[in-house]
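The values are calculated or read from the model by the stated rules, or taken from the named source; none is laboratory data. Everything quoted here is computed from the prediction, not taken from an experiment. Cβ coordinates were reconstructed from backbone atoms using ideal geometry, including for glycine residues, and neighbour counts include every protein chain displayed. Accessible surface is based on the protein model in full, side chains and every heavy atom, while ligands, DNA and RNA are left aside. Shrake-Rupley method; radii C 1.70, N 1.55, O 1.52, S 1.80 Å.
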Amino acid sequence: MAKRDYYEVLGVGKTASPDEIKTAYRRLARQYHPDVAKEDPKAAEAKFKEISEAYEVLADPQKRRNYDQRGFDAVESDFGPGGFTWQNFTHQGDLEDLLGSNPLFQQLFGSFMGGMGSPTGRLTRGSDVEVAVRLPLTAAIEGAHPTLEVPIVGPCRDCHGTGAKNGTALEVCPECGGSGQVRRSRSRGYTQFITVGQCPVCHGRGQRILEKCPVCGGAGRRRTVERIEVTIPPGIEDGAVLRVGGHGGRGLEGEPAGDLYVQVVFEPSDHIRRDGTDAYTDATVPLAIPLLGGTAKVRTIDGHAELKVPAGTQPETQFRMRGLGFPRFRGSTRGDLVVTLHVEIPRSLSGHEKDLVREALGSDAPTATGRQSFFRRRS
Ligand SMILES: [Zn+2]
Ligand SMILES: [Zn+2]
């Protein structure tokens, strides 16, 4: 099959924005996922792989630039000798909400979602990284796309992750002959037991370093900071941790990257308390409002709303404003905003005002119990 231009594969223009590319990829992924396209799963998988390869390149600014300038040759070297495989795909996090619960998806990506090493036992998968992101409470309603600075450990560029000077000061491991594995046989009676294990000299790498890379000291890895935009879905709870697959530390020797875990922490609000999908707030109105009826201005999570207060409303009454709470995670509805109404009593009245109140509300001075009801504490 002749290779098609990546932009053509995703059906986007050469100047498409990262968002447009992502949207196009997600739309096609939904269409061509083998489990969805049941009539010809094999063709669908080939297609799914084709769009995923295109996305892997176009979603990465550096790879996209290289591809724009020099075509397939510029990026194919990233994928190893056999071309693109699922091991090269680092954006499974972009599909997880679409297909994450799909068994076929898990099977396809399982090999590098479960954090297993390669079959030879080389422990070169990238490490997992956890970062926290602080967001205003309004992000719980709208979601957010913060760009995070993620400290990751990736292959050292000077030695291409080998740990050897210039990446060349290496020899084939004399212990295992380059396989990274050693066979040990042991006899017990007439039975011979053969065990295969990681080579103790090269730790499964198959190569031995003759001279260490002076930049990384032979570790083959270095710390860098990567900027990654993550999507925080609406309705997420304070303190929740999101997994962004494949954005942790880079793997060595073509092994998968680790995962990025993002903890979402909301900035405390001075006027909203959260309990699940319900929000709680307070509003204070002058005495005339509950006496005569009127409206109270209420601060909501992300703005203001008007609350109708009927005449005769008692102080500390709670009102439920439907749909002004927090969204349900991955749902379309929202909880309520519960407003506790406080009544402001005038601190001083003129003699004339006092006369008017006596005339309107009765001449008796308020009793001790009556007074208490006005100052009853919020429970
Ligand atoms: Zn060895
Ligand atoms: Zn190095």
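Below is a table of values for the structure above.
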{"item": "Separation in nanometres of the label points that stand 7 Å from Cα toward Cβ, at S127 and E344", "result": "5.6"}
{"item": "Projected label distance in nm at H160 and E229, using a 7 Å step from Cα toward the beta-carbon", "result": "3.3"}
{"item": "Computed over region 139-253, the ratio Rg/Rh where both radii use C-alpha atoms and Rh is Kirkwood", "result": "1.24"}
{"item": "At R0 = 51 Å, FRET efficiency that the Cβ-Cβ distance of E353 and F329 yields, to 0.05", "result": "0.45"}
{"item": "Dipole magnitude of region 273-374 about its Cα centre (Cβ charges: Lys, Arg +1; Asp, Glu -1), debye to nearest 20", "result": "500"}
{"item": "Rh by Kirkwood over Cα pairs, then Stokes-Einstein D for region 259-324 at 1.002 mPa s and 20 °C, µm²/s", "result": "155"}
{"item": "Heavy atoms of H342 accessible to a 1.4 Å probe, total area in Å² rounded to 10", "result": "30"}
{"item": "Probe 1.4 Å - accessible area at S187, Å² to nearest ten", "result": "90"}
{"item": "Surrounding net charge for T138, when Lys and Arg each add one and Asp and Glu each subtract one, Cβ distance under 10 Å", "result": "-3"}
{"item": "1.4 Å probe accessible area per residue over region 273-374, in Å²", "result": "66"}
{"item": "FRET efficiency for T295 and E237, using Cβ-Cβ distance with R0 set to 35 Å, rounded to 0.05", "result": "0.60"}
{"item": "Carbon and sulfur %, accessible surface of region 273-374 computed with the full protein complex present, 1.4 Å", "result": "51"}
{"item": "Theoretical gain in end-to-end length, T317 to A219 [0.36 nm per residue, Cα-Cα removed]", "result": "28.7 nm"}
{"item": "Rh (Kirkwood; distinct C-alpha pairs) - region 182-319, Å", "result": "22.6"}
{"item": "Radius of gyration and maximum dimension Dmax of region 273-374, Cα, Å", "result": "17.4, 59"}
